[in-house]
Structure formats: C-alpha cells, structure tokens
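Note sheet for the following structure.
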Amino acid sequence: MGQLFRKIIQWIPLLFFAGSVLLQFFVILSGARTTGVLRNFYWLEVEGTGTIDTDFGTTRWTNYRMCNWENDELTNCKGPQPAYPFSPDNNFSDGENRTFIPSDFINNRDTYYYLSRVGWSMLLVGLVFTVFSFFSTLLRIFHKWKLVSGLNWLNSVFAVFFVALGASLMTAAYVKGRNTFNDSSDFYAKLGVKMFAFVWTSLALLLLSLPIFCFKKPISSFHGGPGSASHDDSVEYKDDYIPPATGDTYNPEPAADYPPTQKRKLNFFKINRRTTVED
C-alpha cells in the first residue's frame, strides 16, 4: 500500500505541470490568430471606442494585436506584434478624436505600456520554466538522480516566480485600464474572463505542485520508503560502550559453553549463573 501511495504522489506533480503548460500556451498564443478558438481570448474589451476611432466600435486587446470586435469577428486589427502594448494613447495614435481618450492613459502612458509588455515577457519566461519542470519531473520519476531532483526543484521555483510576476503585471495593467475606461461615461469596459481564469489557474497548479516536492520525503518516511529513518527503536544501545581506538582490535571474550537452555536466557541470567558456578 505504501509503495502504491508513493507512485501516485510521484505522478501528481506531472499532471499539475501538464495542465499548467496547456493553459499557459492558450494565454501566450492569445491573439496570434484572428480566427478559430484563439479569437475568443482577450485581456480587455471596450465598447464605445468608436468615439476615438471610427474603425474601432468595440475594441479588444490581446497579446499580439488590437482589433475591432464586430459580428463575432475580429477586424481592422493593428499588429501583429509580440507583447502588443496596452496603451490607448499609442494604440489610437491615428484616431480622429483622440481628445476622447481618458486623461489617465495620457498622463500615465508609460505605466500601461510597460506593465503590459513586461508582463507578457514574464509569462513567456514562466512558460519556458514550466515546460522544463514538466520534463524534469518526468525524468525524476524514472531516474533517482540527485542532479535531476535539484534541477526539478529549481525549475519549479522559477516557473512559479515568473508566472506569478507576469500574471500580476498583466492584471494590474488591465484592471487599471478597465477602471479608467469605466470612469468615463463614454465607454464600457470588461475583462476577458477566460484569459484571466487561465493565467491564474495555471499559477495555482504550479503552487499545488510545490508542497508535494516539499513533503514528498516525509511522506515516504511515514510509509517506510527510502526517506525513512534508519534508527531502529527496538534495539537497545549501551550507554557505557566505548569503541576501540584506531588500530586496536576488538576481541570479545569467548562465550562459555553453557547448556542450550542457559544460552537462550538474557545477559543478566548468564551472569547470575556464572556467579553461582564459581561459588
């Protein structure tokens, strides 16, 4: 039962990493194409942007482009560009009525610009480390090399760090942008629920894998596995035993030839029997 439990514990992190990799691929590839499933993934959707630029009645921001959303299709896209910046002051630079852009996007242009671009870059780095973690976890199951275990742990920590950083930066940029648009009566903005659900769920899966790495050895010890303690509590050790010095040879006294019934008795019975014979 203990062996089966340890095997299950070994495969759980692999499943978590596989799920996290899949979700992160969807996040990173958002906006790479304007057709298919990926067109439904976006960070922010804003209605009313036609007052700024008539080509964009309802605007969606993705990782690679900004597009007009109309009749369930993406049209009039700007891009494609990896880590497409979320900065309405830059995005609508050709707009006929740029005066309708909320002032916060102009006064804090760099904040939105760099939060979105750096955030996407961190997510990309996090995806790379998550893929490394997946394969190192798979290798760790079949090979108990200490080097593999160390790399597995290191990759996992880096994956959590960069995905958490990227998710935080992207959330900060687009939540702040949504609030800024909604502060104006001319716009209605909403976040892309699927996108944020995917990115934060991928981070949650990574975080769930870390405790298993931390407690895997104690769990194995509890079930008598390789990590268990070697001390046997059933063995009593004498406190007055002094090991021989280096180079000395330990020569115990030969045991007396007692009847078989006496040999099976405890030590103090042997001593009492010998004392009785000598007397």
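Within the range 180-196, how many residues are farther than 30 Å from GLN24 by Cβ and within 22 Å of the chain's Cα centre (by Cα)?
0
What single numbered condition from (1) of a type in the set (D, E, K, R); (2) modelled with pLDDT of 85 or more; (3) outside any strand (DSSP E or B) fails to hold for ARG6?
Every condition holds for ARG6 apart from (2).
With respect to ILE9, is the statement that it is more than 25 Å from PHE129 (Cα to Cα), buried (at least 16 other Cβ atoms within 10 Å of the Cβ), in contact (Cβ under 8 Å) with a residue 40 or more places away in the chain and among the hydrophobic types (A, V, I, L, M, F, W, C) true? Explain how you work it out, then say what you get.
Values: more than 25 Å from PHE129 (Cα to Cα): no; buried (at least 16 other Cβ atoms within 10 Å of the Cβ): yes; in contact (Cβ under 8 Å) with a residue 40 or more places away in the chain: yes; among the hydrophobic types (A, V, I, L, M, F, W, C): yes.
Answer is no for this residue.
Surrounded by fewer than 21 Cβ atoms within 10 Å (Cβ to Cβ), modelled with pLDDT under 90 and closer than 21 Å to ILE101 by Cα: which single residue out of THR58, THR35, THR51 fits that description?
Working: THR58 fails: modelled with pLDDT under 90; THR35 fails: closer than 21 Å to ILE101 by Cα.
So the residue among THR58, THR35, THR51 that is surrounded by fewer than 21 Cβ atoms within 10 Å (Cβ to Cβ), modelled with pLDDT under 90 and closer than 21 Å to ILE101 by Cα is THR51.
For the structure I just gave you, tell me whether LEU154 is touching a residue at least 12 places away in the same chain (Cβ under 8 Å) and surrounded by 14 or more Cβ atoms within 10 Å (Cβ to Cβ).
On the way: touching a residue at least 12 places away in the same chain (Cβ under 8 Å): no; surrounded by 14 or more Cβ atoms within 10 Å (Cβ to Cβ): yes.
Spelling it out, it is not the case that LEU154 is touching a residue at least 12 places away in the same chain (Cβ under 8 Å) and surrounded by 14 or more Cβ atoms within 10 Å (Cβ to Cβ).
Would you pick out the residues in the range 85-133 that are crowded, with 22+ Cβ neighbours inside 10 Å and under 30 Å from SER20 (Cα atoms)?
PHE86, SER87, TYR112, LEU115, SER116, GLY119, TRP120, LEU123, GLY126, LEU127, THR130, SER133, listed by residue number.
From the list ASN97, ASN63, ASN91, ASN107, exactly one residue is in contact (Cβ under 8 Å) with a residue 12 or more places away in the chain, farther than 19 Å from TRP120 by Cβ and of a type outside the set (A, V, I, L, M). Which is it?
ASN97
So which residues in the range 65-76 are within 30 Å of LEU205 (Cα to Cα) and surrounded by fewer than 23 Cβ atoms within 10 Å (Cβ to Cβ), if there are any at all? Before you say what the answer is, go through the steps one by one.
If we filter the range 65-76 for residues that are within 30 Å of LEU205 (Cα to Cα), which is where we start, we get 65-66.
Across the range 65-76, the qualifying residue is only ARG65.
Cβ-Cβ below 9 Å, separation at least six or inter-chain, first residue in the range 18-30 and crowded, with 18+ Cβ neighbours inside 10 Å and modelled with pLDDT under 95, second hydroxyl-bearing (Ser, Thr, Tyr) and not in a helix (DSSP H, G or I): which pairs?
Sorted first by the residue in the range 18-30, then by its partner, the pairs are SER30/TYR42; SER30/THR62; SER30/TYR64.
Inside the range 163-190, can you point out the residues that are of a type in the set (Ser, Thr, Tyr) and buried (at least 19 other Cβ atoms within 10 Å of the Cβ)?
Here is the first cut: in the range 163-190, the residues of a type in the set (Ser, Thr, Tyr) are 168, 171, 174, 180, 184-185, 188.
Within the range 163-190, TYR174, THR180 meet the criteria.
The values are calculated or read from the model by the stated rules, or taken from the named source; none is laboratory data. Please read these numbers as outputs of a predicted model, since none were measured by experiment. Don't worry about glycine lacking a Cβ; one is built from the backbone with ideal geometry, like all the others, and counts go over all protein chains shown.
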